[in-house]
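Below you'll find the structure, written out as structure tokens, and then a few comments.
The values are calculated or read from the model by the stated rules, or taken from the named source; none is laboratory data. Treat the numbers as computed from the prediction; the structure is a model and nothing was measured. For neighbour counting, all protein chains shown are included, and Cβ atoms are generated from backbone atoms with ideal geometry for every residue, glycine included.
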Amino acid sequence: MTSRAAAIRYARALFDVVLKEGDVQQAGRDLDSFAALVASHPQLERVLTNPAIPAPRKRALVDELLKKAGAVPVPLGKLLQLLADRDRLALLPDLAAAYRRRLMEHAKVVHAEVVTAVGLPADRVAALQQGLAAATGRQVQLENRVDPSIIGGAITRVGSTVYDGSVTRQLERMKEALTQNA
């Protein structure tokens, strides 16, 4: 099993337990905070992910961090301790990302990105967001990015689906059609 698949399983398990026992939003914030703490301290990250350091020492370090963190949801604390015991703390960034995706699924929110050659005014972004929400039946969290290399048009990504209406792509299609007919 890949580390990403393991992180997804841990995230799913954590979400299911927290959904029954507590606040899934707070658990997500606490997980993100713990992952950010580890990532922002390179020495700490090296210690927690180094296979040469015994798991009991990592567990003791995680326990100390949890004490200093204060009120961490019990399921999250247990998961972090389990990851330390199994020497799987390297999964923390993927686990946090998988948990955020699971949280968005639960809230019926989808992430979308629109790339345009020039910046869009706020009213156009809002209209696009409403149109995507109507098309997907979900609340849309829209990110607008500018990329002048697409020349014109737009590229929209909703989840894993890409709608490429850029001028660059249209020119590529025309070139392919012309070279096939020649």
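At-a-glance table
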quantity	calculated
Members of the stretch 164-182 that are surrounded by 12 or more Cβ atoms within 10 Å (Cβ to Cβ) and either closer than 13 Å to Val110 by Cβ or not small (Gly, Ala, Ser) (or both)	Asp164, Val167, Thr168, Arg169, Gln170, Glu172
Residues (of a type in the set (A, V, I, L, M, F, W, C), part of a helix (DSSP H, G or I) and either out of contact with any Gly (no Cβ under 6 Å at 6 or more places or on another chain) or loosely packed, with under 15 Cβ neighbours inside 10 Å (or both)) located in the stretch 93-107	Leu95, Ala96, Ala97, Ala98, Met104
Residues of the stretch 146-162 classified as farther than 21 Å from Arg101 by Cα and either crowded, with 16+ Cβ neighbours inside 10 Å or not polar (S, T, N, Q) (or both), total	9
Tally of residues being assigned to a helix (DSSP H, G or I) and either touching a Gly at 6+ places or on another chain (Cβ under 7 Å) or touching a residue at least 12 places away in the same chain (Cβ under 8 Å) (or both) across the stretch 57-82	14
Residue in the stretch 123-141 that is within 25 Å of Leu103 (Cα to Cα) and of a type in the set (D, E, K, R) present	yes
Among (1) assigned by TED's automatic domain parsing to the domain that holds Phe15; (2) assigned to a helix (DSSP H, G or I); (3) surrounded by 13 or more Cβ atoms within 10 Å (Cβ to Cβ) - the single one Leu132 does not satisfy	(1)
Residue satisfying condition, being touching a Phe, Trp or Tyr at 6+ places or on another chain (Cβ under 9 Å), at pLDDT 90 or above and under 20 Å from Val125 (Cβ atoms), within set Ile155, Ile150	Ile155
Residue that is buried (at least 18 other Cβ atoms within 10 Å of the Cβ) and either among the polar types (S, T, N, Q) or out of contact with any Pro (no Cβ under 9 Å at 6 or more places or on another chain) (or both), where the choices are Leu79, Leu37, Leu14, Leu44	Leu79
